[in-house]
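As structure tokens, the structure follows; a few thoughts come after it.
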Amino acid sequence: MNQAINSYEIENQIESLRQQLQEAEELRHAITHGQVDAFVVGPTDDSKRVLLLSGAYARYRQLVEEMQQGALTVTRSGEIMFANHAFAAMVQLAPADVFRVPLTRYLVPSDAGEAATLLQPRPGKAEIKATLRAANGRQHPVRINLVSANDDFITLLVTERDGAEEEAGATVEAIRTGAVDALVIGGEQVVMLDSAQRFYQAAVDRMQQGVVIVGPQGAIAYANQRMATLLGVPRERLVGASLLKLALNGDEAILGSVLNARQGASTQAEVRLRRANSEFVTTLVTVTAIADGQKMCLVSDISLQKRHEATDERTRKFLGMMAHEFRNILGPIRNAVELMKRREDLDEECAKMVGVVDRQSARLLALVEDLRSVNPKD
């Protein structure tokens, strides 16, 4: 009688294990069919590989792939383990072609040292400027930002820099500080700056940043066309207006503090400025004190950057939530397997099935831990 009961219990346990194995296989199938863009899989550095995923989490995949920034996951030694399409396009390659390739291969040699500082366990910088080298030889000035890191992997964002904007800004600063005495036009005509105001103004008007000159009382004495476009108002309406009154309530004090910059000093702050359509634009305002109590303000639109940061944060939270849910499901499976492994009355077939469940659930748990590493705060 006892033998019949034991046999019945074992059959029930085997059936339970079969159901759990089926659930584990369904989870594995779901993960490998689109939960995230990629997992790094493998117990050692030499055996690690990238498992590219698609389908199940189409919303997350769309966020990553439609980013204008390049997204990378690299090892501490600098090998690329994952790259989105934006980064692949920058280097004129397919995403799979950059797998296990050192990041420094796509940088000019002089930037290799700077890039190495981001890979240190305690990086001294969270952002560097570098020059990206594409497969066709073309070079792109970029910013590389450190997003997150754990013991083995680092997530980086790569954003193309506008070389014309930086060159124009440097030219304006050189003229303002007196480092330039004259301009050479067409390779022949030398024009002194006193007679070259129209050329200087044209250069400022074509800058990608808004430029504003503010008088001692805070009234706008000059605004370039980019500033007018940024706020959605005719340029002539800005002249004579108070720059402080363009700031949203709560940001007036912030803007007022940076406008108190001393002669020769520069300060900057994030300020929300009102637009003509009752909306606002998030900007980075850099203020430099110039002659006669006037201030030169460079106004950069960082709304897109803020949206990218918000998107990246939502993505990390989403992955952390999914990792947490997967761990909750895998916990009872792993516990049941451990209890079954301690039984001495299992026949050879049952022991083999328990081993299968043990190995597959361990693999799933490793994948979940890799997923959690994307969101270290979880």
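Readers should treat all values here as calculations from the given coordinates under stated rules, not as data from a laboratory. Small disclaimer: the values here were computed from a predicted structure and weren't measured. Cβ sites come from the backbone with ideal geometry, for glycine too, and all protein chains shown count toward neighbours.
Ordering 235-241, 361-367 by mean Cβ neighbour count within 10 Å, with the highest value first, yields 361-367, 235-241.
Stretching Ser303 away from Asn150 to a fully extended chain increases their span by 52.2 nm, per 0.36 nm per residue minus the current alpha-carbon distance. Computed packing ranks the peptides 220-232, 290-302, 109-121 as 220-232, 290-302, 109-121, most packed first, by mean other Cβ atoms within 10 Å. Distance between the C-alpha centres of the range 250-299 and the range 104-147: 31 Å, rounded to the whole angstrom.
Averaged over residues, the count of other Cβ atoms within 10 Å places the peptides 342-348, 325-331, 211-217 in the sequence 211-217, 325-331, 342-348, highest first. Between Val101 and Ala276, the FRET efficiency from the beta-carbon distance, with R0 = 41 Å, is close to 0.25.
Given an 8 Å cut-off on Cα distances and at least 6 residues of separation, report the relative contact order of the range 302-378 as a percent. Reported as a whole number, the value is 52 percent. Classify the range 226-365: rounded, prolate or oblate, from the alpha-carbon gyration tensor (a ≥ b ≥ c, eigenvalue square roots; a/c under 1.5 rounded; otherwise prolate if a/b is larger than b/c)? Note, shape of the range 226-365 comes out prolate. Extension gain for the segment Leu284 to Leu248, taken as residue separation times 0.36 nm less the Cα-Cα distance, is 11.6 nm to one decimal.
Straightening the chain between His85 and Asp345 buys 88.2 nm, computed as 0.36 nm per residue apart minus the Cα-Cα spacing. Among the listed pairs Lys317/Lys352; Lys245/Lys295; Lys125/Lys306; Lys317/Lys341, those with a Cα-Cα distance over 28 Å are Lys317/Lys352; Lys317/Lys341.
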